[in-house]
Structure formats: C-alpha cells, structure tokens
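Please treat every number below as a calculation from the coordinates, not as lab data. Here the structure is a predicted model, which is why all the values come from computation and not from measurement. Glycine gets a Cβ as well: all are built from the backbone with ideal geometry, and neighbour counts include every protein chain shown.
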C-alpha cells in the first residue's frame, strides 16, 4: 500500500471537515471488505459475533451431513466452508471462532462421511490430502493460542487426530508430520 508524502498528508489534514468526510466515505465504499469490517464493528450489536458463529455452525452442520455423489463434491463443499470461515475471521478478527468452527467442520466430515474417508485411492486422495493439511493447520493455529485456550480445545483436537489416523488419511498425515496426540 503506497504511503502519503508528508506534504500531501498535511494538506489533507487541513481540508475542511466536510470535505474530509466526503473523501473518507468515498474511499471506504471502494473496499468491500473494509466496508463489512466497519459495519460489523460500528453497526452490529454486542451479540453479532455469536450470531455470525451460529449461522456458520448451521452452514457447517447441514451440507456436510448430506449425501454427496463423489468425494470431489464433498471436497468442493468443504473448501467453500473453509473460505467462509476465513472470511469470517478476516471481517470479525474472531480467530477463536475460526479455529472452533474449523475443528467442527473436520470432525463432521470424519463422523458423517465415513465412506468418503475410508479408502485412499484416486477419487478420495484430494479430499484426504485436504483434510490432513487442514488438520495440520488447525494444530499450528492452536499452538499459537495462549495456553489457557489449550485446555478448551484439547479434547476436540485429540478427537480429530484420532479420527484422522483411523481414516485412510493416516499415511498422508504421517507424511506431513501430524502428531497422533496434541
């Protein structure tokens, strides 16, 4: 992002307040992410974060439990949901929610789609690779958290690791260096 020269910055700050306000609103309107971030921070109420998490939980629960023609169909849905989780974290700064919901998504795939994760062969390999990499990323994110949060996530992460190593993704997880226990 280019920086302003000191002279231009000084001139901008000397503009009348009305002109500064107009410039600010025009600039903010050009960036959709910034607009949504400001809307979240300034307009939504105190329970907005929990409401957003609840909507994401519902989105995670419904599609993952459904019937999928191929493992590729499931992979497309899982990737779309991961993108929504990342966008949620970008807008709200909710890294704990992103981690919790990512764990929930991965657990749902292993629990509710056993036929998709039972064998490592051509059609399932991209899905299983994605699940192993995402599990590795979950561990990295969890390690960055303060130790007090480790207690909160330990049970679900260990369950995820157990399911990962019980699935056909186990060799891929070993290859990535994913531990069996967190």
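Worth pointing out:
- For the Cα trace of region 75-119, dividing Rg by the Kirkwood Rh returns an Rg/Rh value of 1.06.
- For the chain, the convex hull drawn through the C-alpha positions has a volume of 170 cubic angstrom per residue.
- Volume in Å³ per residue [convex hull over Cα atoms, computed for region 27-71]: 94 Å³
- Estimated [θ] at 222 nm from DSSP helical runs (n ≥ 4, -39500 (n - 2.57)) normalised by residues in the chain, nearest 500: -24500 deg cm²/dmol
- Region 79-142 and region 150-179: distance between their alpha carbon centers, rounded to Å: 12 Å
- Relative exposure of 135, 25, judged by other C-beta atoms within 10 Å (fewest first): 25, 135
- Spacing of the modelled spin labels on residue 57 and residue 10, each 7 Å from Cα toward Cβ, amounts to 5.5 nm.
- Förster radius 30 Å - calculated FRET efficiency between residue 150 and residue 174 (Cβ-Cβ, nearest 0.05): 0.80
- Given their separation in residues at 0.36 nm each and the Cα-Cα distance between them, residue 86 and residue 158 gain 23.7 nm when the chain is fully extended.
- Compactness of region 5-79 - radius of gyration and Dmax, Cα, Å: 21.3, 62
- Principal axis box of region 58-137, alpha-carbon based, largest edge first, Å: 38, 24, 18
- Full-stretch length increase - residue 3, residue 48 - with 0.36 nm per residue and alpha-carbon distance subtracted: 12.9 nm
- Nearest-0.05 FRET efficiency for residue 27 and residue 95, computed from C-beta distance (R0 22 Å): 0.20
- Rg/Rh (Cα only; Kirkwood hydrodynamic radius) as it applies to region 122-161: 1.11
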